[in-house]
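**Q** My questions will all concern the structure given below.
Coordinate-derived values only; no laboratory data. The shown structure was predicted, so the numbers you read here are calculated from the model rather than taken from an experiment. All Cβ positions, even for glycine, are placed from backbone atoms using ideal geometry, and neighbour counts span all protein chains on display.
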Amino acid sequence: MKRRILIQCSLAAPLALLISVGWLRVAASPEEAVDKSKSQIVPSEVAAASFIKLPGADSELIQLPIRVHLLTGFEMEKDGETMGLWVTAGDLEERVLPEINRIWRPANIQWVFESISVEEIDPKGRHGETIAYISKSTRETKDRTKRIKSLIDPKRLHPTIHNLYLLPYVGSTTQGFASFGGGVSFKENPNGGNYCFVGVWSNKPSGGKKPPQRFPLVEEGGFEIGSVSRTCSHELGHNLLLPHPDKATQTIFNRLMGGRRHGYGLTEQEVALARKVALGRAARILRGVPQGE
């Protein structure tokens, strides 16, 4: 498998250095890391394809790559709490990714980091008003998700693999959201979505009655309030077209996808659907077909 690369970059400066997690690799030149004429990371579909593993005679494992985007350089204010992005690349590699893979093990789906991109956002620039808007928003606020998506640099979003964005906060009583892609059914959208957002602070456990709190990276026991790892796993589930259970008809509880009595479990039906969509996503990555085409 190709080396995993930690990409450190700023939206205000060209990318000149690639730091590997576990292996150190310095780009031979800034041009190697960035196409200056377009000011973007040049995605390598060959490199992305190298992370794919498909079921074979000796294993049913499906392996999919994720590009993580850490949105930094700004703070958000809510109910007297100042919130910054406190999760590090080391946290992701050492705690979050193993927990995501533990959660998804019943589906025999394994995730790997293609890269971790540290992207600075200038709060004094054009994004300042948007950051304040998001800080005051709730789950029902009009255009909340659209405004959050406006913070990203679309040139750094990988066109085919999963993109996971972490930022301080995504609104009151919510922890994240995800794209289902071109539709919510497998028939109309067999590849699912390829991006999701997770806030590392949340006031959801208190129903918005208390200031936001840092979510733990993992929960050592069963479900109590959730964790960064669980929310990432949940939103990746939405990318794989898994919906929230219908609370009115739900008979299986303690589930990753929510409903009544949240937990970490996946049903047989969820496993079957997630694997079908994961295979569709893998095929898209291997063909190098961007999302939406």
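**Q** Among G237, V170, A248, pick out the residue whose Cα is farthest towards the positive end of the charge dipole of segment 162-265, where Lys and Arg carry +1 and Asp and Glu carry -1 on C-beta, about the Cα centre.
**A** Value computed over the given set: A248.
**Q** Charges on Cβ only, +1 for Lys and Arg, -1 for Asp and Glu, centred on the Cα centroid of segment 43-287; of G259, L157, I62, which one is farthest towards the dipole's positive end?
**A** G259
**Q** Note down the nm distance, to one decimal, between modelled labels 7 Å out along Cα→Cβ at S206 and at K124.
**A** It works out to 3.2 nm between the two label points.
**Q** Right, here's the next one. Mind checking the dipole of segment 43-287: about its Cα centre, +1 per Lys or Arg Cβ, -1 per Asp or Glu Cβ, Debye to the nearest 20?
**A** Dipole about the Cα centre, nearest 20: 740 debye.
**Q** With only Lys, Arg, Asp and Glu charged, each at its Cβ (+1 for the first two, -1 for the last two), find how big the charge dipole of segment 158-285 is about the Cα centre; round to the nearest 20 debye.
**A** For segment 158-285, the charge dipole is close to 160 debye.
**Q** Exposure proxy check: Y264, Y165 ranked by fewest other beta carbons within 10 Å?
**A** Lowest to highest Cβ neighbour count: Y264, Y165.
**Q** Once phi is turned into ³J(HN,Hα) by the Karplus curve 6.51 cos²θ - 1.76 cosθ + 1.60 with θ = phi - 60°, what whole-Hz value does each residue of segment 107-114 show in order, with x for glycine and proline?
**A** Once θ is set to phi - 60°, the couplings for segment 107-114 become 8, 6, 10, 10, 10, 10, 7, 5 Hz.
**Q** After finding the eigenvalues of the alpha carbon gyration tensor for segment 43-287, what semi-axes result from the square roots of 5 times each, listed largest first in whole Å?
**A** Result for segment 43-287: semi-axes of 28, 22, 16 Å.
**Q** Amide H of S137: which non-local residues (sequence gap of 5 or more, or other chain) have their own amide H closer than 5 Å, using H built in the peptide plane?
**A** HN-HN under 5 Å from S137: S172.
**Q** Over segment 227-291, what is the relative contact order in percent, taking alpha-carbon pairs closer than 8 angstrom and at least six residues apart?
**A** 24
**Q** Just for the Cα atoms in segment 90-219, what are the lengths along the principal axes, largest first, rounded to whole Å?
**A** 40, 32, 29
**Q** Here's a follow-up. List, in order, the whole-Hz ³J(HN,Hα) value for each residue of segment 144-158 obtained from phi through the Karplus relation with A = 6.51, B = -1.76, C = 1.60 and θ = phi - 60°; use x for Gly and Pro.
**A** 4, 5, 4, 5, 5, 5, 5, 6, 7, 8, x, 6, 9, 6, 5
**Q** Hey, another quick one. Please arrange V198, V271, V87 by counting, for each residue, the other beta carbons lying within 10 Å of its beta carbon, fewest first.
**A** V271, V87, V198
**Q** Using only the Cα atoms of segment 150-277, what are the Rg and Dmax in Å?
**A** Computed over the Cα atoms of segment 150-277, radius of gyration and Dmax are 14.9, 43 Å.
**Q** Could you tell me the convex hull volume per residue, in Å³, taken over the Cα atoms of segment 253-293?
**A** Numbers: hull volume 3.3 nm³, N = 41.
So the per-residue hull volume is 81 Å³.
**Q** Roughly what % antiparallel, to the nearest 5, for the DSSP beta bridges in segment 154-293?
**A** Percent antiparallel among DSSP bridges in segment 154-293 is about 40.
**Q** Say the dipole of segment 43-287 comes from +1 at the beta carbon of Lys and Arg and -1 at that of Asp and Glu; which of L217, V112, V277 then lies farthest toward its positive end?
**A** Sorting the options by dipole projection puts first V277.
**Q** Report the FRET efficiency, 1/(1 + (r/R0)^6), for E140 and K247, where r is their Cβ-Cβ distance and R0 is 22 Å, rounded to 0.05.
**A** For R0 = 22 Å, the calculated efficiency reads 0.75.
**Q** Moving on to the next point. Starting from the 7 Å offset along Cα-to-Cβ, what nm value, one decimal, do you get for the label separation of E94 and S185?
**A** If labels sit at E94 and S185, their model points lie 4.8 nm apart.
**Q** What whole number of Å gives the distance from the Cα centroid of segment 65-120 to the Cα centroid of segment 213-281?
**A** What the calculation gives is 17 Å, centre to centre.
**Q** Rounded, prolate or oblate, given the Cα gyration tensor of segment 152-218, with a/c below 1.5 counting as rounded?
**A** Judged from the Cα gyration tensor, segment 152-218 comes out prolate (a/c at least 1.5, a/b above b/c).
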